[in-house]
1. So, L142, is that one more than 23 Å from E331 (Cβ to Cβ), in contact (Cβ under 8 Å) with a residue 12 or more places away in the chain and open to solvent by less than 30 Å² (accessible area, probe 1.4 Å) or not?
2. What are the residue pairs meeting all of these: first residue in the range 299-319, first residue touching a residue at least 24 places away in the same chain (Cβ under 8 Å) and among the acidic types (D, E), second residue open to solvent by less than 20 Å² (accessible area, probe 1.4 Å) and part of a helix (DSSP H, G or I), Cβ atoms under 8 Å, and 6 or more apart or on different chains?
3. Given the options A181, A195, name the one that is in contact with a His (Cβ under 6 Å, 6 or more places away or on another chain), of a type outside the set (F, W, Y) and either closer than 29 Å to M138 by Cβ or open to solvent by 30 Å² or more (accessible area, probe 1.4 Å) (or both).
4. Of the conditions (1) within 21 Å of N130 (Cβ to Cβ); (2) over 17 Å from the mean Cα position of the chain (by Cα), M49 clears all except one; give me its number.
5. From the set of residues in the range 48-68 that are of a type outside the set (D, E) and farther than 15 Å from T292 by Cα, which is most open to solvent (accessible area, probe 1.4 Å)?
6. Restricting to the range 282-317, what's the tally of residues that are open to solvent by less than 10 Å² (accessible area, probe 1.4 Å), among the aliphatic types (A, V, I, L, M) and outside any strand (DSSP E or B)?
7. Taking the range 1-43 on its own, how many of its residues are among the hydrophobic types (A, V, I, L, M, F, W, C) and open to solvent by 50 Å² or more (accessible area, probe 1.4 Å)?
Amino acid sequence: MSSAETEARIRALPKVELHQHVDGSIPPEVTWELMRQKRLQPVETLDEMRQRLELQAEEEGTLLSYLDKMHYPLWITQFYENIVRVTESIVDAAAGVGVRTLELRYSPVIHTFAGLTPRQSIRAVLSGMNRARRRHEMKLGLIVIAMRQHGPHIAKILARQSIAEAQHLHERTGVVGFDIAGPERGNPPRLFSSAYEIARIGGLGLTAHAGEDAPAEYVWEAVDKLGAARIGHGCSAASDRELLRRLARDRIVVECCLSSNYHTGAVAKGSPHPIRAFLDAGVPVALCCDNTTVSRTDQAVESRLAAEHVGFDAVSEIQLQADAYSFIRPERALRSGEAEPEPKAQPRGVAPASD
């Protein structure tokens, strides 16, 4: 198959995106426009701004350098309508490359510095997704992130806020999952087990960033202590044969972000990506962008890169199967005219739980 034929087939593939962050995926033109509206731009031109939003070659190799690229978008995503606008633009861009199922993930707390509440912050993203859905035939859902550096208590608060906006409690697009992200080393998954239990009881899908910048032990904890059904990145798991067997046996999906993993140093430049090891071990995978702007990528680019590692046929099968692992379940959404289930009666003298 020629490269042109491969490119055409990749473009035509219906694609599934299960791991894409809002902050790192805002089109630079949109960030630039919103900055200029509020006279917040730190440089004179869009090209200069791109250099601050997109990872440069000399900056590659560490997770912290990669995360630092989220710095400037936070200047504009402290305002409700701006959050709505950037979310719409992200959905539009994904639809343009053939994405048919899109889960965005987002940390509400870091968007509350100008006065929004976490709930309002969540609602702003959902509003943008619902507006964009009117233009595109897509399945959409939001995964709420608790940042590790904010600690387990904040994670529990966010789990409760997430449930309040859960897809299965509303007719519109809603929250479908819960995640932890941010600096991994020194913040093991087990610390967040209470937040994950709240999210599980509330009916949310569970995923966790693990094994990106920490050893396989963190992936074990995400599976055993948090009950994660999906693992974000999970690169270090490829070196643990017993863990690979466990992921394969329980059909725990690894959300593979090839470009991002090379950019953060999770996978060394010139080394084969562990996606091949996952597939060979029978571990289900999904191809994901992580941050389209920071990594200058999209689903077509990631599919093309994956095809270089595992072949087009494998990529086609991955995209075909990935939708089954999505947390988006439209059939669970509350239908018009339906009432929420009545709460169970409490024994006399016992107040209903506030959680």
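The values are calculated or read from the model by the stated rules, or taken from the named source; none is laboratory data. Everything quoted here is computed from the prediction, not taken from an experiment. So basically every Cβ, Gly included, is an ideal-geometry build from the backbone, and we count neighbours across all protein chains shown. Just the protein is used for accessible areas: all its heavy atoms, side chains included, with ligands, DNA and RNA removed. Shrake-Rupley method; radii C 1.70, N 1.55, O 1.52, S 1.80 Å.
1. Taking the combined requirement at face value, the residue does not satisfy it.
2. Within 8 Å, the pairs are E302/L258; E302/S259.
3. The conditions single out A181.
4. (1)
5. L64
6. 5
7. Count: 5.
Residues are listed down the side, and each one gets a yes or a no for (1) open to solvent by 10 Å² or more (accessible area, probe 1.4 Å); (2) in contact with a helix residue (DSSP H, G or I) (Cβ under 7 Å, 6 or more places away or on another chain):
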residue: S162; (1), (2): no, yes
residue: E171; (1), (2): yes, no
residue: V176; (1), (2): no, yes
residue: G227; (1), (2): yes, yes
residue: H233; (1), (2): no, yes
residue: S239; (1), (2): yes, yes
residue: L244; (1), (2): yes, yes
